[in-house]
1. Counting only protein chains, not ligands or nucleic acids, how are Tyr122, Tyr221, Tyr153 ordered by accessible area (probe 1.4 Å), most first?
2. If I ignore ligands, DNA and RNA and count only protein heavy atoms, how much of Thr152 is accessible to a 1.4 Å probe, in Å² to the nearest 10?
3. For segment 96-235, with equal point scatterers placed on the C-alpha atoms only and solvent neglected, what are the log10 I(q)/I(0) values from the Debye formula at q = 0.15 1/Å, to two decimals?
4. Top to bottom by accessible area (1.4 Å), largest first, where do Arg32, Arg70, Arg214 land?
5. Quick one: ranking Asp34, Asp224, Asp79 by accessible area, 1.4 Å probe, largest first, what do you get?
6. Go through segment 115-123 residue by residue and turn each phi into a ³J(HN,Hα) via Karplus (6.51, -1.76, 1.60, θ = phi - 60°); whole Hz please, and just put x for glycine and proline.
7. Okay, helix-only estimate at 222 nm for the chain: each DSSP H run of n ≥ 4 adds -39500 (n - 2.57), divide by all residues, round to 500 deg cm²/dmol; what do you get?
8. What order, most packed first, do the peptides 173-182, 89-98 have when packing is the mean number of other Cβ atoms within 10 Å of each residue?
Amino acid sequence: WTGKLNNKVSISFSLIPPGRFLMGSLHGEQDRYDNEGPRHEVTITRPFYLGIYPVTQAQWTAVMGDRPFRFLGPDRPADSITAHGAEHFCHRASEALGREVRLPFEAEWEHACRGGTRSMFYIGNQDHEMRKAIWCSRSGTGSGRYTKKVGTYLPNPWGLYDMSGNVREWCADDQRQYTSEAQIDPRGPISLTNRITRGGSWYYTAEDSRSASRYQRPMDYQLDYYGFRVAMPCE
């Protein structure tokens with residue numbers, strides 16, 4: 001689905017099917033953090049749309065009117081965005097499109113990122129495979145140096161680009177404590193102070209690009225490797 005944000009700028013979504021997946025990481029997964037487990041079955045019961053790319057600078061400016069970015073380029077992801085800013089964008093974009101636009105919930109994000117895969121990265125488990133799909137720091141924190149144009153690397157099986165690199169992405173909910181029990185459409189608390197962030201970035205190394213990687217961050221966190229992508233319910 002594609003809609004116009006103004007006369008010149010559009011935004012495109014991919015339809016994400018419902019289904020079951022294993023959320024989180026196995027105990028022995030390399031570079032795993034404790035908040036990624038236990039791995040458990042999650043069922044997403046309803047299809048939804050998710051942005052094919054993270055929100056770009058052209059899209060942000062078409063909706064919000066400003067340019068708060070460090071790495072300038074209309075087709076680069078909107079960077080230096082707080083969770084508050086991302087939610088404000090969603091409100092204004094909903095008005096422009098005539099349809100509800102929101103941040104994805106964390107379970108929706110991981111379901112979409114994996115695209116039916118169970119490996120560490122949606123393209124596999126090996127470093128040389130990962131480098132075909134993910135723009136991240138190669139040798140140490142910050143060595144990626146900058147964002148890149150969205151869609152530069154290979155998409156995941158459901159046609160989504162940059163899910164595991166370029167900029168880290170805000171989710172709609174706060175951190176949920178995992179248990180081993182199966183979950184149906186799980187959501188973390190809606191906090192007034194914190195949100196979960198997902199995906200890698202140009203600043204992080206490969207371990208933070210894994211599909212299960214998750215960080216809790218304050219909603220006013222504003223760094224040049226934080227951006228977002230938007231979801232849209234099916235009508």
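The values are calculated or read from the model by the stated rules, or taken from the named source; none is laboratory data. The model shown is predicted, which means the values in this text are computed figures rather than measured ones. Backbone-built Cβ (ideal geometry, glycine too); neighbour counts: all protein chains shown. For the accessible areas, the whole protein counts, side chains as well, though only heavy atoms, and no ligand, DNA or RNA atoms are used. Shrake-Rupley method; radii C 1.70, N 1.55, O 1.52, S 1.80 Å.
1. Tyr221, Tyr153, Tyr122
2. Approximately 80 Å² of Thr152 is accessible to the 1.4 Å probe.
3. Log10 I(q)/I(0), no solvent term: -0.74.
4. Solvent-accessible surface, decreasing: Arg70, Arg32, Arg214.
5. Largest accessible area first, the residues go Asp34, Asp224, Asp79.
6. x, x, 8, 10, 7, 4, 10, 5, 9
7. The helix contribution divided over the chain gives -4500 deg cm²/dmol.
8. Peptide ranking by packing, descending: 89-98, 173-182.
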